[in-house]
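The values are calculated or read from the model by the stated rules, or taken from the named source; none is laboratory data. These figures come from a predicted structure and were not determined experimentally. No Cβ is skipped: glycine too gets one built from the backbone with ideal geometry, and neighbour counts run over all protein chains shown. Quick note on the areas: whole protein, heavy atoms, side chains included, nothing else; ligands and nucleic acids left out. Shrake-Rupley method; radii C 1.70, N 1.55, O 1.52, S 1.80 Å.
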Amino acid sequence: MALTLRKKQLDSIVRMLHLNQQLQGSPDGVGGGVGSAEEEEAYKILLRRHGVTLHLNIDKARQQVPDAPAVYLLRPTAANVDRVAADAAAGLYASFHLNFSTCVPRALLERLASATAASRSAHRVARVADQYLDFVCLEEGLFSLAQPRAYVALNDPAAAEADITALMVAAALDARLRDHLIAKPNLFTEAASTAVASFQRPLLCLFDRNFELSVGIQHDWSYRPLVHDVLGLKSNKLKLPEKYDLDDTDPFWVANSWLQFPKVAEEIEAQLAKYKQDVDEVNQRTGGGRDGVEFDGTDLIGNTRHLMNAVNSLPELTERKKMIDKHTNIATALLGHIKGRSLDGYFECENSMLVDGTLDRTKLMNLLRGNGTKEDKLRLAVTYLLSFETPVPSDLEQVEAALRESEVDMSAFQYVKRIKSLNSQFAGASNTASKVNIVDWAEKLYGHSISAMTGVRNLLSDGKQLAVTRAVEALMEGKPNPEVDNYLLFDPRAPKSGTAGQFRGPFREAIVFMIGGGNYIEYRSLTELTQRSQTTKQVIYGATEILNGVEFIQQLSELGQKAGLGGVSSSLPPQ
């Protein structure tokens, strides 16, 4: 049974529109929230298709429709609950079907019950449901909770320990799943009723962003990460200033977005050449491409057939031209940044350090003193820090001097340098640096922990496969592996959870969630894992938010400033 995240989200919305009645078959529709004019129209189509004649924002003034039921989709907030209670008291609708985007706290339910009871309108509330739809499904295998600055919230020195311990996320989730398994019906009732006999539970892997810091900072040379990092792709939308959708409806994006940029440029040229060839063929068949030859009417049927074929091919050719123009514009914009900022040099230098473990000092210093934004130079310097367990002191001094010469805010650099130094000091005595938790970094710096199990070795790239991918692959295999044998196992069906032990594998499906921010580089690596596997595997990747390197280095800078590190003046935009 394949994990189909986007379809499940859409099915939940459609079921909600049908007053939470179980529907037969798989309803199709157009998904998405309300944003641009195109999204607004798509949303209206979905609503009309399922019998919704009017939709309004809860904050807008609405007229009474006493004979019609009303479906509410809202966040569980006190203001929203009060507005619903006021609507019920005014008798705006015949019945109220309330759907909260995530779990509604008991206190809010009691608040709603008290308010409707006081106004004698409780009978109008037909149903209250938790829909668990408070996430953004960017692709079938990629989702985000869209929680900004999650990494800062997790690692803020002023935060309470209950707010920052990643282990508590797993423990709380385990408790919630156990509660649902006890209740009847529960979240898994539908899955159980449709599951086949060979159904196997998926594996959920929770990671802290500190598990591998470098991947969130480094520059990349692939098309999709470049568009995200350099041009600011957000929620599959790009503005250049032309507005473009980059999702699975774009065949060029689907086929080429993971290729390195030079290969993408070649593919655009190839697509353009093929388009021109097809246009020439159409012109020739209709007589438009034969110089000096006029249509003489001797083959009326044949020419009519060619003309009809040409007319039928026009929509497809038009769409291809739009797609080629779109990606030509995107590639041109990228090329301007690449040349102006020497992004190819940043990628090559970082890749040599992270993958090969080699340092070209001349190239490093030239980049830090040459082209590139202040954020580019800061990311390169932090990547240098994370690439070598013990940097050469003279090299480190030169890097710091180059950053100061470029007037780069040092907060992020000093923050990573401080926690890395503290961790090495406490690990050095026993020579077990590869096994020491990053938890020690924050514990000595701030006095509390930030992660359950992460290691310094995970910050250092070990070959081309990312640390997260190596861990997920080992966990899905379910075989003894020293790299993951000490991971904590939470099984809501087992008598006891939260202990190190052997996972019952192998697993065919996994959900990987990065607490503190994910990125397209990790998503690509996990996708490649499923593609090269000899057995069929599926991995869904999610995160508190999807960050590019600039956004993540800004959060590191903010933490450095909170810790009193770095310069007073910042070259980074304020939060």
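For the stretch 194-278, the strands (runs of 3 or more DSSP E) that sit wholly inside it and include 2 or more residues that are touching a strand residue (DSSP E or B) at 6+ places or on another chain (Cβ under 7 Å) and aliphatic (A, V, I, L, M) are 203-208. Within the stretch 132-145, residues that are open to solvent by 30 Å² or more (accessible area, probe 1.4 Å) have Cβ atoms under 7 Å from residues that are assigned to a strand (DSSP E or B) in these pairs: PHE135/PHE143; PHE135/SER144; VAL136/PHE143; VAL136/SER144, counting only partners at least 6 apart in sequence or on another chain.
For the stretch 361-381, residues that are of a type in the set (S, T, N, Q) and assigned to a loop (DSSP other than H, G, I, E, B) total 2. Scanning the stretch 339-353 for residues that are under 24 Å from the mean Cα position of the chain (by Cα) and over 16 Å from LEU378 (Cβ atoms) yields one hit, ASN351. Of all residues in the stretch 334-360, how many are of a type outside the set (S, T, N, Q), surrounded by fewer than 16 Cβ atoms within 10 Å (Cβ to Cβ) and not in a helix (DSSP H, G or I)? Residues meeting the conditions: 2.
Every condition in (1) closer than 21 Å to VAL125 by Cβ; (2) modelled with pLDDT under 80 is met by LYS44 except one, and the failing one is (1).
Could you tell me whether VAL84 is β-branched (Val, Ile, Thr) and in contact with a Ser or Thr (Cβ under 7 Å, 6 or more places away or on another chain)?
no
Candidates in the stretch 88-115 are the residues that are surrounded by 20 or more Cβ atoms within 10 Å (Cβ to Cβ) and over 35 Å from the mean Cα position of the chain (by Cα); of these, the one that is nearest to PRO66 (Cα to Cα) is TYR93.
Just wondering, is there one or more residues in the stretch 328-339 that are under 19 Å from TRP258 (Cα atoms), touching a residue at least 24 places away in the same chain (Cβ under 8 Å) and among the polar types (S, T, N, Q)? The answer is yes, given that some residue of the stretch 328-339 is under 19 Å from TRP258 (Cα atoms), touching a residue at least 24 places away in the same chain (Cβ under 8 Å) and among the polar types (S, T, N, Q). Taking the stretch 361-407 as the range and being open to solvent by 80 Å² or more (accessible area, probe 1.4 Å) and farther than 23 Å from GLY336 by Cα as the test, the residues that pass are ARG361, THR362, GLU389, THR390, PRO393, GLU397, GLN398, ARG404, GLU405, GLU407. Every listed requirement among (1) more than 17 Å from the chain's Cα centre (by Cα); (2) not in a helix (DSSP H, G or I) is met by TYR541 save one, (1).
Would you confirm whether or not the stretch 67-80 contains a residue that is open to solvent by 50 Å² or more (accessible area, probe 1.4 Å), modelled with pLDDT of 85 or more, in contact with a strand residue (DSSP E or B) (Cβ under 7 Å, 6 or more places away or on another chain) and aliphatic (A, V, I, L, M)? Looking through the stretch 67-80, at least one residue is open to solvent by 50 Å² or more (accessible area, probe 1.4 Å), modelled with pLDDT of 85 or more, in contact with a strand residue (DSSP E or B) (Cβ under 7 Å, 6 or more places away or on another chain) and aliphatic (A, V, I, L, M).
The number of residues in the stretch 517-566 being of a type in the set (Lys, Arg) and either without any contact (Cβ under 8 Å) to a residue 40 or more places away in the chain or open to solvent by less than 10 Å² (accessible area, probe 1.4 Å) (or both) comes to 1.
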